[in-house]
Structures are given as C-alpha cells and as structure tokens.
Amino acid sequence: RRAIDGYEFEVYYQPKYDIQTDEPKPVSAEALIRWHHPEFGMISPDDFIPLFERNGNISEVDKFVWYEAARQIVRWHNMYGVTIPVSVNLSRVDVFDPALEETLEGILAFNGLEHKDIKLEVTETTYTENSEQVIKVVENLRSKGFEVEMDDFGTGYSSLNMLSEMPVDVLEMDR
C-alpha cells in the first residue's frame, strides 16, 4: 500500500490464462490499482482515475503501479523460479511524457527485468486522441522490446479498420 496525496492505494494482480491448451494455465497478470477510502471502502478505478487525470497526479499513480508490478515480478521469480509478465496501464499523460522511456527503462534496470516482463496497456481512447503521436510513441516502445496491448477496445470510436494502423501486439476487448 502507498499513500498518494493522502489517499491509500494498493495494487492487485488479475491472472491472465492461456485457454488454448488442454488445461488453461496462467501465463501473465494484469496490475490493477485500488483506492482504499477510509469511509467508503474500496473505490473502483473508473471512479477515481478521472479525478487524478484532472488534478494532474495520474502519472504519480501510474508510476507507483509500475514500480510495484516490477517488484512483484521479482518476488514471484524468487518464490517460484519463473518470471510472470505483468501488464500495466499507460495513461494519456504518460504516453506524451518525454521521460516515459527513460522511466520504464530505469524500473527494468533497477529490478533486473527484461522488456518482455512488463507489458504496456494503452486504452483505445488514448489512440483516438492524437493517433499520430501515440503511434510514434508505441512504435518506439515496441522497437525497444516492450509488448503493447490495446485495452478496452470497443469502448470508444475505433473501428476494425483502424486496427490496421495501430501498432499493438494484443487486443483486449471491452466487456
């Protein structure tokens, strides 16, 4: 857990399974942040992420998740002898941060991880806001060895046609 601006946050991990085998098996995880409110209990990211985007603190929240995910990958490796990749979200603000690559590289180096160990999720709506810039950033991250996933496909205005222009490795469909 960590306090950011007086709010207490914790990262949880949702397993991702390979279901194309006889017996489904976990192959990675997704880092999910939760806000523990002293009065209202656990608050959904759908409710607090827009607040942090508006007040300019979303990058601090995201970096907390990235650091925690990297530490968890190392913990699992030390406990079980396997590296379980973790997907983390990049907010709109992160995608346009000139220090993004340096920050991610620093987290990997500090924890002795490889690019394939952290998967980067970019939402569909981020792609639709300034697609040329987002595509450049994503292509650069992919050229460094990061896997990029488009999260929440189907929530915005994207079409299947648009997918041919998007440099993504994984497409996560919305509910």
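The values are calculated or read from the model by the stated rules, or taken from the named source; none is laboratory data. Quick caveat, the model's predicted, so the values are computed rather than measured. Note that we place each Cβ from the backbone using ideal geometry, even for glycine, and neighbour counts take in every protein chain shown. Areas reflect the complete protein model, heavy atoms only, side chains present, ligands, DNA and RNA absent. Shrake-Rupley method; radii C 1.70, N 1.55, O 1.52, S 1.80 Å.
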The Kirkwood hydrodynamic radius of segment 75-139, taken as the inverse of the mean 1/r over all distinct Cα pairs, in Å, comes to 13.1
Heavy-atom accessible area of Ser143, protein chains in place, probe 1.4 angstrom, given in Å² to nearest 10, is 90
For segment 137-144, Karplus-derived ³J(HN,Hα) couplings (6.51, -1.76, 1.60; θ = phi - 60°; whole Hz; x for glycine and proline) come out as 5, 5, 4, 5, 4, 5, 5, 7
With R₀ set to 30 angstrom, the calculated FRET efficiency between the beta-carbons of Met42 and Ile135, to the nearest 0.05, is 0.25
A student asked for the Cα radius of gyration and Dmax of segment 1-114 in angstrom ought to give 15.4, 47
Pseudo-spin-label distance Glu102 to Asn78, built 7 Å along Cα→Cβ, given in nm, is 2.9
With the 1.4 Å probe rolled over protein heavy atoms, segment 1-86 has an accessible area per residue in Å² of 62
In order over segment 42-47: 3J(HN,Hα) from phi, Karplus 6.51/-1.76/1.60, θ = phi - 60°, whole Hz, x for each Gly or Pro, gives 6, 10, 5, x, 4, 8
